[in-house]
1. Could you tell me which residue of the stretch 123-138 is surrounded by the most Cβ atoms within 10 Å (Cβ to Cβ), considering only residues that are touching a Leu at 6+ places or on another chain (Cβ under 6 Å) and outside any helix (DSSP H, G or I)?
2. Would you check if there is a residue in the stretch 152-171 being of a type in the set (Asp, Glu), free of Cβ contacts under 8 Å to residues at least 12 places away in the same chain and more than 26 Å from LEU98 (Cα to Cα)?
3. Can you name every residue in the stretch 245-262 that is surrounded by 21 or more Cβ atoms within 10 Å (Cβ to Cβ) and over 17 Å from the mean Cα position of the chain (by Cα)?
4. Let me spell it out: the conditions are (1) open to solvent by 40 Å² or more (accessible area, probe 1.4 Å); (2) closer than 23 Å to GLY35 by Cβ; (3) at pLDDT 95 or above, and GLY242 meets all of them except one. Which number is the exception?
5. Sort out which residues of the stretch 2-30 are assigned to a loop (DSSP other than H, G, I, E, B) and on the phi < 0 side of the Ramachandran plot, and write them in order of number.
Amino acid sequence: MSARPRCLSIGSSDSGGGAGIQGDLKAFTALGAYGSTVLVGVTAQNTEGIRMRHTVPLDVVAAQLNAVLDDIGTDAVKVGATWSAALMRLLGERLSGLGTPIVVDPVLVAASGSPLDAGAEGLAAVRAHLFPVATVITPNLAEARLLAGAGSEWSPARLTEELHRAGASAVLVTDSLTGGGDWLFDGRDHHPIPGGRHGTGCEHGAGCAHSSLLTVLMARGMPLRDAAVEAHHLAEAAVRLGHTDVGRGMHPVNVTAAVAVR
């Protein structure tokens, strides 16, 4: 690994700058990593919601990935929003055997609670193609329930064990927005990570920040459990110190300020 960790984000853009590729790059930079990107989709969005989406053709996605890995390389990969089963299949094939930590953040439900139309095919593709290559998956509570086909009565422990049985090596269910904290199952032991809710209205990009911070910490060689705890505290601070002056809707998190006070 280079002295400065190299982290690759594979995901979609957020024209509002709060989440997606833009949010990932801010988190990478805040922790001193060099960030590269593979863009799989473009969104027209702001703090009030997504207005339009455009999917990048598969050959263009593959070309970006080859270009980055052939020259810059990476010490860890974060996979965010993936919009089609074909794309997930491509990423599963290209990332298999890469030999670096891979954090898969299956973006299926927005911070507002709105589902992102993955459908049964999309859920099956996440399990079939992304679970096997992931070092850890980081769904929020609603996404974990979708992936497990579970109801609201399932505990975090049961959810994480079910997703592990479905093929994920380790599962980190995030529930910071409702104050429930996070829950890590590393395939052997359970590790609850207590949390609290901050009523700042600055949750836009919280999930992206959390998984991106986790990616950098793992790129540095930090063990998964320690990295999960540190990423949780940083993401929680990013919500608490968020950009209340940006936008009329759900304001963006502030990762830079969170790292500065940690």
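The values are calculated or read from the model by the stated rules, or taken from the named source; none is laboratory data. Predicted model only: the values in this text are computed from it and were never measured. Glycine gets a Cβ as well: all are built from the backbone with ideal geometry, and neighbour counts include every protein chain shown. Note: areas computed on protein heavy atoms with side chains; ligands, DNA, RNA excluded. Shrake-Rupley method; radii C 1.70, N 1.55, O 1.52, S 1.80 Å.
1. THR138
2. Checked the stretch 152-171: at least one residue is of a type in the set (Asp, Glu), free of Cβ contacts under 8 Å to residues at least 12 places away in the same chain and more than 26 Å from LEU98 (Cα to Cα).
3. Across the stretch 245-262, the qualifying residues are MET250, HIS251, ALA258.
4. Of everything listed in (1) open to solvent by 40 Å² or more (accessible area, probe 1.4 Å); (2) closer than 23 Å to GLY35 by Cβ; (3) at pLDDT 95 or above, GLY242 misses just condition (1).
5. SER2, ALA3, ARG4, PRO5, SER13, ASP14, SER15, GLY16, GLY18, ALA19
A quick yes/no check of all residues on (1) farther than 20 Å from ALA168 by Cβ; (2) touching a residue at least 24 places away in the same chain (Cβ under 8 Å); (3) assigned to a loop (DSSP other than H, G, I, E, B); (4) in contact with a Ser or Thr (Cβ under 9 Å, 6 or more places away or on another chain):
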position: GLY32; (1), (2), (3), (4): yes, yes, yes, no
position: VAL38; (1), (2), (3), (4): yes, yes, no, yes
position: HIS54; (1), (2), (3), (4): yes, no, no, yes
position: ASP59; (1), (2), (3), (4): yes, no, no, no
position: GLN64; (1), (2), (3), (4): yes, yes, no, yes
position: ASP70; (1), (2), (3), (4): yes, no, no, no
position: VAL77; (1), (2), (3), (4): no, yes, no, yes
position: THR100; (1), (2), (3), (4): no, yes, yes, yes
